[in-house]
Amino acid sequence: MKKLLLLVLFAFVTLVTYAGGYRVSVQGQRAMAMGHTGVAVVNSAELVFFNPAGLVYLENKLNISAGASGIFTDVIYQNSDFGSSSETDSSVGTPLNLYGSYKVNDWLALGLGVYTPYGSEVTWPTDWAGSHLVNNIELAAIYIQPVVSIKLSDQFSIGGGPIYVTGSVNFNRNANRTLTDIDGNRSNITVDDSGVSNWGWSVSAMFNPTENFRLGFSYRSEIILEAEGGEATFSNFPNSPATPANGTTTFDAELPLPAELTIGLSYQFHKKWLFAFDYNRQFWDVYESLDIQFGNGSTSLNPRNYKNSSVYRFGLQYDATSKISLRAGYYFDESPVQSGFFAPETPRNDSNGFSGGFSFAITPKLAIDASFFYLRFEEINESYDSYQENGQDVPFGGTYKSSAFAPGLGLTYKL
């Protein structure tokens, strides 16, 4: 009873990850329930994402894990100096993940994963105070990752493989703070593209010094999504030679998906208890600017100047019975956004989150995995200072308060 109480307390004195920037850290129900730890945890095919090197240590020949989460987010903006406030629509994101592994022999395993580690969906009220920066944005990147896992000894293995990414983006903002057509409709621009793809790679290793202690390492490369010839729509511009013509044209832009490095450990300190810790470093400094070149000759230059950031994750698992495992976790996620570059398209500050969940074995081969997290971003008074009109800097700032909640459900099958 004391051990169960310890697990409950661990869940309630710690806060979870939606993640900094446009990173979405919900790549497995079992890992999510443990604060998204997993680089040194061997318990399912979720290892395809967290550490492919560990797949060869799974006991079963075939392992499949599938899951989905519903992410409910809420962002409130307020500027008391100007008496303005806005709140985003309570949108629901549904990131999915599917992993499978097959153990060819004692020293070789193959795997395949499909997951969505990056994305953003924010919808502000149309023509709100910051509409010259963003009205709404939908961004998604789907990773398809085949991997190989090779056991070099009972203590050491390596893994990795190529990554194929396909992404899409839909983004709308007003042309500036005041421009309208003759009927008073705000001039705005929408960019839309899908099927934008590129390749990356991953490499990982796992070291098992003892039967109960594991160390893990995983690295995923940076991938640049280059949208070329996407569709841009200019709407409600006045009929003037000084403004772009209404209608559709093309656009080119680049969006980086940064590299990340994870190292961590797991320790089974009792036959029913497992502790895990992951340190994750995300190399956001690749995101210097979001620049858009339109086919009609217009340009949109939007400095971002992100910095590298870290995430500290802790997880705990308790095997309550032969059929039920309980999990809890915590992580602290540093924001990559620097002061003066706080754009309302990704209004996220440093964050803390609580997570929890369980697995229930329906049969020896099939289990239900459930997870949840509640993530609260620290309230912040910040601004975006790089917006210009008529050659003059026009900062946009205020106080942002954000939170996210995500229940998730999945299945694990092993044979």
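Checking the condition surrounded by fewer than 18 Cβ atoms within 10 Å (Cβ to Cβ) and touching a Phe, Trp or Tyr at 6+ places or on another chain (Cβ under 9 Å), which residue from 409, 366 passes?
Only one candidate passes the filter, namely 366.
Given the condition assigned to a strand (DSSP E or B) and free of Cβ contacts under 8 Å to residues at least 12 places away in the same chain, answer yes or no: does some residue in the range 140-148 qualify? Steps first, answer last, please.
Filtering the range 140-148 for residues assigned to a strand (DSSP E or B) gives 140-148.
So of that shortlist, the ones also free of Cβ contacts under 8 Å to residues at least 12 places away in the same chain come out as none.
No, there is no match, as no residue in the range 140-148 is assigned to a strand (DSSP E or B) and free of Cβ contacts under 8 Å to residues at least 12 places away in the same chain.
Considering only residues of the range 355-405 that are of a type in the set (A, V, I, L, M) and in contact with a Leu (Cβ under 8 Å, 6 or more places away or on another chain), which is farthest from residue 124 (Cα to Cα)?
Filtering first and then ranking leaves 366.
Name the single residue that is surrounded by the most Cβ atoms within 10 Å (Cβ to Cβ) among those in the range 127-148 being under 30 Å from residue 186 (Cβ atoms) and in contact with a Pro (Cβ under 6 Å, 6 or more places away or on another chain).
Applying the filter and picking the extreme gives 130.
What are the residues in the range 270-296 that are open to solvent by 60 Å² or more (accessible area, probe 1.4 Å) and in contact with a helix residue (DSSP H, G or I) (Cβ under 9 Å, 6 or more places away or on another chain), if any?
Within the range 270-296, 270, 272 meet the criteria.
Name the single residue that is nearest to residue 189 (Cα to Cα) among those in the range 247-263 being free of Cβ contacts under 8 Å to residues at least 60 places away in the same chain and open to solvent by 40 Å² or more (accessible area, probe 1.4 Å).
Filtering the range 247-263 for residues that are free of Cβ contacts under 8 Å to residues at least 60 places away in the same chain and open to solvent by 40 Å² or more (accessible area, probe 1.4 Å), the one nearest to residue 189 (Cα to Cα) comes out as 248.
If we scan the range 58-72, do we find a residue that is within 28 Å of residue 304 (Cα to Cα) and open to solvent by 10 Å² or more (accessible area, probe 1.4 Å)? Spell out how you get there, then give the answer.
To start, the set of residues in the range 58-72 that are within 28 Å of residue 304 (Cα to Cα) comprises 71-72.
The next check asks that each one be open to solvent by 10 Å² or more (accessible area, probe 1.4 Å); those that pass are 72.
Checked the range 58-72: at least one residue is within 28 Å of residue 304 (Cα to Cα) and open to solvent by 10 Å² or more (accessible area, probe 1.4 Å).
Name the residues in the range 149-183 that are in a loop (DSSP other than H, G, I, E, B) and open to solvent by less than 40 Å² (accessible area, probe 1.4 Å), would you?
Residues satisfying the conditions are 175, 176, 181.
Restricting the range 345-363 to residues that are more than 30 Å from residue 169 (Cα to Cα) and open to solvent by less than 20 Å² (accessible area, probe 1.4 Å), which is farthest from the chain's Cα centre (by Cα)?
359
For the range 74-110, which residues satisfy the criterion of being open to solvent by 30 Å² or more (accessible area, probe 1.4 Å), in contact (Cβ under 8 Å) with a residue 24 or more places away in the chain, assigned to a strand (DSSP E or B) and closer than 15 Å to residue 52 by Cα?
Those that are open to solvent by 30 Å² or more (accessible area, probe 1.4 Å), in contact (Cβ under 8 Å) with a residue 24 or more places away in the chain, assigned to a strand (DSSP E or B) and closer than 15 Å to residue 52 by Cα: 98, 102, 103, 108, 110.
I need the full set of residues from the range 320-332 which are within 15 Å of residue 33 (Cα to Cα) and open to solvent by 40 Å² or more (accessible area, probe 1.4 Å), in order please.
Residues satisfying the conditions are 324, 326, 330, 332.
List the strands (runs of 3 or more DSSP E) inside the range 317-415, counting only whole elements, that have at least 2 residues being within 30 Å of residue 84 (Cα to Cα) and not β-branched (Val, Ile, Thr).
Working: elements: 324-333, 351-361, 366-377, 380-384, 396-414.
Ranges flagged: 351-361, 366-377, 380-384, 396-414.
The values are calculated or read from the model by the stated rules, or taken from the named source; none is laboratory data. Predicted, not measured: the structure shown is a model, and the values here were computed from it. In this analysis, Cβ positions are derived from the backbone assuming ideal geometry, glycine residues included, and neighbour counts consider all displayed protein chains. Accessible surface is based on the protein model in full, side chains and every heavy atom, while ligands, DNA and RNA are left aside. Shrake-Rupley method; radii C 1.70, N 1.55, O 1.52, S 1.80 Å.
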